[in-house]
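Down below is the structure, laid out as structure tokens.
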């Protein structure tokens, strides 16, 4: 299963009303379309815009209305934190704020390696005013980190919003009237203050300033979540699966679903990722697994940045990655499911509720007439219009081990 | 959103196996298809034939299995009666009955203005035998009126069936064994008797007889209903909407959903309606609203009458109406959703469970290859086959304010 995150799009004036998938050179994706059956996929249902958590959970068969317990939980699991019931987890941005705590850059200049060093300084934070709440902080990826609060009577009703440049930060308010939300917001406020003091004059930030780079002088938690109840993938489907991805959300979903996660050096979660390294890792994994989930984050990142060229270039890199894979497998033995987890509109720089194209290439499927993998062609494909929750049943069926009803 | 009531149909032998939409000249509807994406829409789900209440509620996102509490409630609201919980509301036909109370004409010769005068005579009715039940009667449209019974312990388990010529009327039986149903049927029987006495020798009817027209000497209640629980549209979708329609059902749905209703002089709810007046009202309304629902009843009326020519002619009037609209908007700014609320089969003179064509014209959608708006072409369109409950999520998504799941 090859997932291009946010790879689908709407027609763009700049591309003569084509989508990036239509405008890109995608001979290998098109080979899959040619040798397979295509269709439209609503990750949730028509018109609903999923976050990447909801979309990817839905596609691997978990009801997103139940399993989406706040993105922070998946991010924390992806960063290797063993969550306990009762914990409240946050995703965090390393960000640049001014002296009034107004966000200047919510990604601190897309900080990467430097964030790892800064995270070290935050490892030992103990709260004093809220000393019954334990703090766990971990760098996850690029400008991202995760924060877990552990203690009695805390709540995820706090810090839901993504930080944006121009917003004031540093004071987190409870989102309901409960004692738990109040306690949690107090802890967050104290964490923010302590971390800001540790980061402000950190040597890494001094160096960044001297190089004209925005300092990562704040850590802003958001996307509060709790441990979801997810039935292990292997138990649910009797399949041994592996997952290859760069971003901690997907790592976290894999970890919480008990799916083996394969780390790939060179996978950056951005458009500069090493797609060949990922292809090779997938080819190795499929030798010992029933199913490999190969996720590429780049198209979503390019879309959120409004970067049309970048989106086309990462789509073409995914195309080469797919070429490497299908040159080294036999479609009689290994089927390929190619899809996007959701549409990310470059024009609007956000996820939308449009359907995505899906292609299933296998010697077991009835080939249709579709010869290109894109949004416009897919609607005439043999799969018709399906939903995220149908994907795993279709894959099990393809493997000739469908879920059976009655008998 | 432009709704042609019952506009879709089955192929007709008389039209060389075309549907009325295929046989009509519809250059403007086809322009929408050309500049948009089309598909098939099941108002409820495949094969289910909806009443106009269920179909229109479903299309604007209300679960018809919950919101359809009896057509009378919507008709009464549409006629301007403020329903209270506990009320039982009926739609009514002004009809012609003979001395044995057998229905001779269930629409009293499609009586119109005369019905308004006759309704005046029924305004002050007080029940004597059932004096604890209050009666409210109002003319609504053409041959139609509404009756509301107000009092304790009454029930809509009575008078469900549409009156038909040849049926005996005047005695309404309870449809269950409850005291409430018995009390309600007693009240209805008394109302029928009193109203018949008031109408029988009314000067209007004397005049109608002398002119050879069937007298409206009876009011027959049917479609008993109770106040439904409907979340206000604006609260549900954060959209300011307006509705343009002639018939009281649609008025009632709008009223109960808190949608602003725009009265249009010349809108008759029949094939002689002034569609240009409706187009102009819609163009005015869209300047101050996020969404305008423009409903045209005519095709359904023609279908129930088995009037093929009439159906084609009202479809062509809708086409001109659409032309007036799209000549005066910019599809970059205003999207058009064109659909029928359900199929009404001319051959069978009733609603059927066939899907209807839907077209969404907008600069935001991926245009497909469909160049005509009709039942046959729509099935190859880019929308695939969707359901009524998907329409509002798709519209919100088109507006780039989709419902979001996860984060």
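The values are calculated or read from the model by the stated rules, or taken from the named source; none is laboratory data. Every value quoted in this text rests on a predicted model; they were computed, and no experiment measured them. No Cβ is skipped: glycine too gets one built from the backbone with ideal geometry, and neighbour counts run over all protein chains shown.
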Discussion item. Could you check region A:37-54 and list, in sequence order, the residues that are over 29 Å from residue A:248 (Cβ atoms) and either assigned to a strand (DSSP E or B) or more than 7 Å from every other protein chain (Cβ to nearest Cβ) (or both)?
Written reply: A:37, A:38, A:39, A:40
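Report yes if residue B:188 is surrounded by 14 or more Cβ atoms within 10 Å (Cβ to Cβ), in contact (Cβ under 8 Å) with a residue 24 or more places away in the chain and in a loop (DSSP other than H, G, I, E, B), otherwise no.
no
Restricting attention to region B:85-92, does a residue exist that is surrounded by fewer than 23 Cβ atoms within 10 Å (Cβ to Cβ), outside the structural domain of residue B:8 (by TED's automatic domain parsing), free of Cβ contacts under 8 Å to residues at least 60 places away in the same chain and more than 17 Å from the chain's Cα centre (by Cα)?
Taking every residue of region B:85-92 in turn, none turns out to be surrounded by fewer than 23 Cβ atoms within 10 Å (Cβ to Cβ), outside the structural domain of residue B:8 (by TED's automatic domain parsing), free of Cβ contacts under 8 Å to residues at least 60 places away in the same chain and more than 17 Å from the chain's Cα centre (by Cα).
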Worksheet item: Would region B:299-310 turn up any residue that is surrounded by fewer than 18 Cβ atoms within 10 Å (Cβ to Cβ) and in a helix (DSSP H, G or I)?
Response: yes
Worksheet item: So which residues in region A:192-214 are crowded, with 20+ Cβ neighbours inside 10 Å and in contact with a strand residue (DSSP E or B) (Cβ under 6 Å, 6 or more places away or on another chain), if there are any at all?
Response: A:195
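Residue by residue, here is whether (1) over 22 Å from the mean Cα position of the chain (by Cα); (2) free of Cβ contacts under 8 Å to residues at least 12 places away in the same chain; (3) within 19 Å of residue A:186 (Cα to Cα) holds:
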| site | (1), (2), (3) |
| --- | --- |
| A:104 | yes, no, no |
| A:111 | no, no, no |
| A:115 | no, no, no |
| A:118 | yes, no, no |
| A:122 | yes, no, yes |
| A:130 | yes, no, yes |
| A:133 | yes, no, yes |
| A:138 | no, no, no |
Item to complete: Scan region A:387-405 and give yes if some residue there is buried (at least 19 other Cβ atoms within 10 Å of the Cβ) and in a loop (DSSP other than H, G, I, E, B), otherwise no.
Response: no
Worksheet item: Does residue A:20 count as touching a residue at least 12 places away in the same chain (Cβ under 8 Å) and at the interface with chain B (Cβ under 9 Å from one of its Cβ atoms)?
Response: no
Practice prompt. Could you check residue A:272 against (1) away from chain B (no Cβ under 14 Å); (2) in contact with a helix residue (DSSP H, G or I) (Cβ under 7 Å, 6 or more places away or on another chain) and say which number it fails?
Written response: (2)
Worksheet, complete the sentence: Of B:299, B:357, B:402, B:393, the only residue that is at pLDDT 95 or above, within 8 Å of chain A (Cβ to nearest Cβ) and touching a helix residue (DSSP H, G or I) at 6+ places or on another chain (Cβ under 8 Å) is B:402
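Looking at region A:286-295, is at least one residue assigned by TED's automatic domain parsing to the domain that holds residue A:321 and either assigned to a helix (DSSP H, G or I) or at pLDDT below 95 (or both)?
Taking every residue of region A:286-295 in turn, at least one turns out to be assigned by TED's automatic domain parsing to the domain that holds residue A:321 and either assigned to a helix (DSSP H, G or I) or at pLDDT below 95 (or both).
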Worksheet entry | Among (1) over 17 Å from residue A:378 (Cα atoms); (2) facing chain A (nearest Cβ under 7 Å); (3) in contact with a strand residue (DSSP E or B) (Cβ under 8 Å, 6 or more places away or on another chain) - the single one residue B:364 does not satisfy | (3)
Practice prompt. Return a yes/no flag: does region B:368-384 have any residue that is part of a strand (DSSP E or B), within 14 Å of another protein chain (Cβ to nearest Cβ) and under 26 Å from the mean Cα position of the chain (by Cα).
Written response: no
Practice prompt. Restricting attention to region A:70-84, report how many residues are more than 9 Å from every other protein chain (Cβ to nearest Cβ) and either under 25 Å from residue A:345 (Cα atoms) or within 13 Å of the chain's Cα centre (by Cα) (or both).
Written response: 8
